[in-house]
Every structure is written in structure tokens, then in C-alpha cells.
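Notes for the one structure printed next.
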Amino acid sequence: MTDEPTAQTTGLSPATTAVTAGRPEHRPDAPLNTPITMASTYVAGGDLEYGRYANPTWTAFEDALGALEGGRCLAFSSGLAAVSTVLDLVGQGAKVVAPHHAYHGSIAQLADLESRGRLSALLVDTSDTDAVVAACDDAALVWIESPTNPALELADIAAITEAAHDAGAYVVVDNTFATPLLQRPLDLGVDVVVHSATKFLAGHSDAVLGAIVTRDDQLHDVLKQRRDMVGAIPGTLEAWLALRGLRTLHLRVERAQANAQALVERLRGHRQVQEVRYPGFGAVVSVVVDGADRADLLTRTTSTWVHATSLGGVESTFERRRRWRTEAATIPEGLVRMSVGIEDVDDLWADLEQALDKLP
Ligand SMILES: *Cc1c(COP(=O)(O)O)cnc(C)c1O
């Protein structure tokens, strides 16, 4: 294992890195941005060879995200392709510890692998550090999502990582909700960071993309080999869009987080809101209203807020999570997950307030 990030981040603040990483060299007539290279094959004799193995536009995105997370990045066709590739590393019959409220697609993969005898999954409350530490015994992999989707629970990543490493397990953190600007898991000793770049990183609700970041060169190579082998590669245009989105990540996160914090205060004071879950940072807020019908009505009577799944875009979106059959049954029926965007906060509140006021 190497501790040195290979990307050229040293000394620069994340805002500067977001803007400058993954650019072509500064030389006369070079474009400021890495062009979109549409190529299924390359002239033989170099490093690229074939379009499933390498693409300069992916590399530019990977350099930028790697620099922000402090490791080496590999882009994937989606967040779940990245999740699947990491879970594929686990040996036959091995034990995986994971949060009971993680992203439902990740939980579904674990359940599917377990049902086919590939691994055994132990789901725990990752906000209960003692419970997770106890579960690490005999584990091959500890999967953390913090904050969790959509319950917004936090894990003590450093403490869990220490216990997991003592037990000989790898630690993976799905850092989709926090982004590398609010949390850098590799600095806490975590082995692999996974992203749905579809969300905050790309940030404009127009591309599906995933990523893995690690400082472990051997893990990087194995994951790259698996990506080559199964072809879970990003689209060139998606990688380019995500890199373009990444250039404003710090501004978007700052504004969306400030909006979220202001809305949390106002939501807590509204009589229709039974509970507001907010981990103190980030731009995702979950509110609980009384029952599925009220929650459904809330999501259908706004004009600025869009009723839609996903999160992390410049637009404010929200949905009742239990409208998905695959969402955990322990998530309240009336829980609405809100992805706060970068609009004017007073407009966002006025729209929400009129919708909440209309509820029976
Ligand atoms: C959306 C999401 C995923 C899945 O990513 P896709 O890009 O949709 O495949 C994984 N983890 C979290 C936390 C997510 O929010």
C-alpha cells in the first residue's frame, strides 16, 4: 500500500484543485479543456490501444476526482457499476458488513450476491460504532455510507476503519452524499472510495457516471482489470460532462449547503413536519410528515421543487422514498428526501411552505 496520492494536489486548496486538475498542459494553442475524444480504437504501439481500456477524456475526469479525493481514480458507467466491481473483489463465501440503510441499489446487490451463495451480508446500524466494531470480526469487507441514503445517519469512519483493519478487512466508503469537499475518507485510512458521480460531482442531472478512488496501487490495478474485463466503462460524453460539472463543485456545494441549513431551521418550525433529519453538513435533508398520503401530496403541489428521484443537481428535487418498493421498510412511509439546489433560498422556502400549508 502506498500512502502518497499520485495526483498533483499538493499544496492546493480543494477549490483550486476542482478548477485546475485534469487540464491539458499550458502551451501555445492548447485548448484549456480536455477535448472529447470519440475513439473505439487507437493507432497501435502506444498505451491506449482500445476504447474499452482507455480514453483521454475519462483520464481527465479521473485526474480531477483523484486529486480531490487524494488517490487514484477510475471512472465507471454508473455508481452501481462501481459498487458491483468493488463487491466482486470479495472472495467466495466471505462476510461483508454494510449499513442497513445504505443506498437501496447497493443493498440489492448484496442481497442478490448472498442469495446466490457468493457472500454473506451482515447489515448493521453504522451510527452504532460498537455494533459495527463487533460485526467486523471475520469480515472481509466493511461497507460504509456516511451520511446514509435516505436516513442520513453518520458513521465514525476513523474508528470503524481501525477496527476493520485490525480484523483484516478492507473498508469502502460510498462518499456520494458528502463529496470530497466535505469528507475525504482516504485521509481517515479507508481503502476505497466509491461515488455515484451522477449526483453532486456531475451536478446538473444530465449524466449517469460512477467512480472509484484508492491509494492502494494493487487494488487500483485489480479494479482497472475488472473494468477492462466486464466493460463497465463510462461514456466519453458523460465523463466530459462530469468534469465540466466538477469545475464548480465547491461553489455548488457551498450554496446548496447554505440553502439546506436555512431550510432545516424553517422546516423544524412548521406544524406539518414531524421530524427533520440533517447531519449538519451537505445538501440532502429528509423530513417526515404524517403518512404516505401527506408526503405524496407535498411532492405534487410545488412549482420550483421538482418531484423526481436522484439528488445533487443544481435544481431542488424531492421524493417520498417509500414510493420505491425496494426502499428499506424501516424508513418511515412519510419520509420525503429533499435534495436542496442552488436557487434562491427564500423562493425555495415560499414554495415549500405553501405546499406544507395546504396539507390536511
Ligand atoms: C445514486 C446512488 C448510487 C448509485 O449510483 P448510480 O450512478 O445511480 O448508479 C450509489 N450510492 C449512493 C449513495 C447513491 O445516492
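The values are calculated or read from the model by the stated rules, or taken from the named source; none is laboratory data. Everything quoted here is computed from the prediction, not taken from an experiment. So basically every Cβ, Gly included, is an ideal-geometry build from the backbone, and we count neighbours across all protein chains shown. Surface accessibility is based on the protein's heavy atoms, side chains included, excluding ligands, DNA and RNA. Shrake-Rupley method; radii C 1.70, N 1.55, O 1.52, S 1.80 Å.
A few remarks follow.
- A crude spin-label estimate for the pair H165 and R323, with each label 7 Å from Cα along the Cβ direction, gives 4.3 nm.
- Residue (of W324, H270, Q183) at the positive-pole extreme of the chain, dipole from beta-carbon charges: W324
- In the context of the full protein assembly, S303 retains an accessible surface of approximately 100 Å², using a probe radius of 1.4 Å and ignoring ligands and nucleic acids.
- Spin-label pair Y50/D137, simplified geometry with 7 Å Cα→Cβ offset, distance in nm: 4.7
- Cα centre as origin, Lys/Arg/Asp/Glu Cβ charges: the range 148-202 dipole, Debye: 280
- Ranking by accessible area, most exposed first, for M38, M229 with a 1.4 Å probe: M38, M229
- Here is how the number arises for the chain: DSSP H runs of 4 or more residues each give -39500 (n - 2.57), the sum is divided by the residue count, and the result at 222 nm is -11000 deg cm²/dmol.
- Dipole moment magnitude, nearest 20 debye, the range 249-357 about Cα centre, only Lys, Arg, Asp, Glu C-beta charged: 440
- Each peptide in 354-360, 340-346 gets a packing score, the mean of other Cβ atoms within 10 Å over its residues, and the list from highest to lowest is 340-346, 354-360.
- Exposure of T176 as accessible area (Å², to 10), given a probe of 1.4 Å and all protein chains: 10
- Which of W240, W58 is most accessible, then next, and so on - probe 1.4 Å: W240, W58
- By average C-beta atoms within 10 angstrom, highest first, the peptides 75-86, 288-299: 75-86, 288-299
- V43 - accessible surface, heavy atoms, 1.4 Å probe, Å² rounded to 10: 140
- Residue-normalised accessible area of the chain, given per residue in Å² at a 1.4 Å probe: 42
- Here the spin labels are modelled as points 7 Å beyond Cα on the Cα-Cβ line, and at E25 and V314 they lie 3.4 nm apart.
- Neighbourhood charge, 14 Å Cβ-Cβ cut-off, centred on H104 and excluding it, Lys, Arg +1 and Asp, Glu -1: +1
- Contour excess over end-to-end distance, with Cα ends at R271 and V306 and 0.36 nm allotted per residue: 10.4 nm
- Note on the range 249-357: the alpha carbon radius of gyration divided by the globular reference 2.2 N^0.38 Å gives 0.97.
- C-alpha long axis of helix 157-166 to longest principal axis of the chain, angle in °: 50
- Accessible carbon and sulfur surface of the chain relative to its total accessible area, %, 1.4 Å: 51
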